[in-house]
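Visitor: Can you read through this structure? Questions will come right after.
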Amino acid sequence: MSLKKHQSADNTYETERLILRPMSAEDRDFIFELYNRPKFIQHIGNRNVNTIEDAENYILNRFAPQIERLGYGNYLLVTKESNEKIGAVGIFEREGLDVVDIGYSLLEEFEGKGYAFEAAQKVKSIGMEDFGLSKISAIISKDNLSSQKLIEKLGLKFKKFVTLPGETEELNYYETE
């Protein structure tokens, strides 16, 4: 039996209020905006996406290869109601982590409405049920309390502090039990 039994043909998924589809080059304007928001830079980091071209290259060089290789990766979040691009959620292979990492980010104007939890819950189930992942981790900056609460609500438990290769910030590391 294939692990990908629940996977939709084009890797697009739905929740009650959202459509999750793999990030593509057409999303470069959105990624440029999201990745340059002060809150994104504060909590996730500066990804040096300084132009629209940088954003497109980031999608093509970072996101696309993982989806092609593993079948899962970074998804754009689009509201069903208004068809607005509001954020991203994904499961990532990350240097320095043995367990794939769940991550998400929303434009601030869509925070506090439960979208991040709804999307993260869906991506966690895609990873574990459709792709047979036994564990998922999360790394969160120590001052990002709302994200820590979301990850705990998702069923991940704090395990230790980690510093990723080439980084200086010590992060909270969470993992599924």
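Visitor: Kindly indicate whether Asn83 is at positive phi and touching a strand residue (DSSP E or B) at 6+ places or on another chain (Cβ under 9 Å).
Guide: Details: at positive phi: yes; touching a strand residue (DSSP E or B) at 6+ places or on another chain (Cβ under 9 Å): yes.
The answer is yes for Asn83.
Visitor: Mind listing whichever residues of segment 153-173 are open to solvent by 30 Å² or more (accessible area, probe 1.4 Å) and part of a strand (DSSP E or B)?
Guide: Residues satisfying the conditions are Lys157, Phe158, Lys159, Lys160, Phe161.
Visitor: Further question on the same structure: Mind listing just one residue for me: the one in segment 118-152 that is farther than 18 Å from Thr15 by Cβ and β-branched (Val, Ile, Thr) and, of those, most open to solvent (accessible area, probe 1.4 Å)?
Guide: Of all residues in segment 118-152, those farther than 18 Å from Thr15 by Cβ come to 132-135, 137-149, 152.
Okay, now just the ones that are also β-branched (Val, Ile, Thr), so 139-140.
Working: Ile139: 34, Ile140: 9 Å².
Filtering first and then ranking leaves Ile139.
Visitor: Which numbered condition trips up Lys160, out of (1) closer than 28 Å to Phe30 by Cβ; (2) free of Cβ contacts under 8 Å to residues at least 60 places away in the same chain?
Guide: Of (1) closer than 28 Å to Phe30 by Cβ; (2) free of Cβ contacts under 8 Å to residues at least 60 places away in the same chain, only one is false for Lys160: (1).
Visitor: Being over 22 Å from Lys39 (Cβ atoms) and assigned to a loop (DSSP other than H, G, I, E, B) is the filter here, so list the residues in segment 129-149 that pass it.
Guide: Phe131, Gly132, Leu133, Ser134, Lys135, Ile136 - these are the residues of segment 129-149 that are over 22 Å from Lys39 (Cβ atoms) and assigned to a loop (DSSP other than H, G, I, E, B).
Visitor: Next question, about the same structure. Quick check on my filter: what residues within segment 50-80 are among the hydrophobic types (A, V, I, L, M, F, W, C) and either over 22 Å from Ala120 (Cβ atoms) or open to solvent by 50 Å² or more (accessible area, probe 1.4 Å) (or both)? So that I can check it myself, show each step before the final result.
Guide: In the first step, residues of segment 50-80 are kept if they are among the hydrophobic types (A, V, I, L, M, F, W, C); the result is 52, 55, 59-60, 63-64, 67, 70, 76-78.
Once the filter is applied, which keeps residues that are among the hydrophobic types (A, V, I, L, M, F, W, C) and either over 22 Å from Ala120 (Cβ atoms) or open to solvent by 50 Å² or more (accessible area, probe 1.4 Å) (or both), segment 50-80 yields Ile52, Ala55, Leu60.
Visitor: Could you check segment 36-88 for helices (runs of 4 or more DSSP H) lying wholly inside it with 1 or more residues that are at pLDDT 95 or above and farther than 29 Å from Glu170 by Cα?
Guide: On the way: elements: 38-43, 52-58, 64-70.
By residue number, 52-58.
Visitor: Against the condition of a type in the set (A, V, I, L, M, F, W, C) and part of a helix (DSSP H, G or I), how does Ile126 come out, does it pass? Steps first, please.
Guide: Details: of a type in the set (A, V, I, L, M, F, W, C): yes; part of a helix (DSSP H, G or I): yes.
For Ile126, the condition - of a type in the set (A, V, I, L, M, F, W, C) and part of a helix (DSSP H, G or I) - is met.
Visitor: Filter segment 11-35 for residues that are farther than 28 Å from Glu169 by Cβ and part of a helix (DSSP H, G or I) and give the result.
Guide: Selection gives Ala25, Glu26, Asp29.
Visitor: Any residue in segment 119-145 that is at positive phi sitting within a Cβ distance under 9 Å of a residue that is in a helix (DSSP H, G or I)? List the pairs, counting only those 6 or more apart or interchain.
Guide: Partner pairs satisfying both residue conditions: none exist.
The values are calculated or read from the model by the stated rules, or taken from the named source; none is laboratory data. Remember, it's a predicted structure, so these values are computed and weren't measured experimentally. Ideal geometry is used to build each Cβ from the backbone, glycine not excepted, and the neighbour counts take in all protein chains shown. Heavy atoms of the whole protein, side chains included, go into the accessibility calculation; ligands, DNA and RNA do not. Shrake-Rupley method; radii C 1.70, N 1.55, O 1.52, S 1.80 Å.
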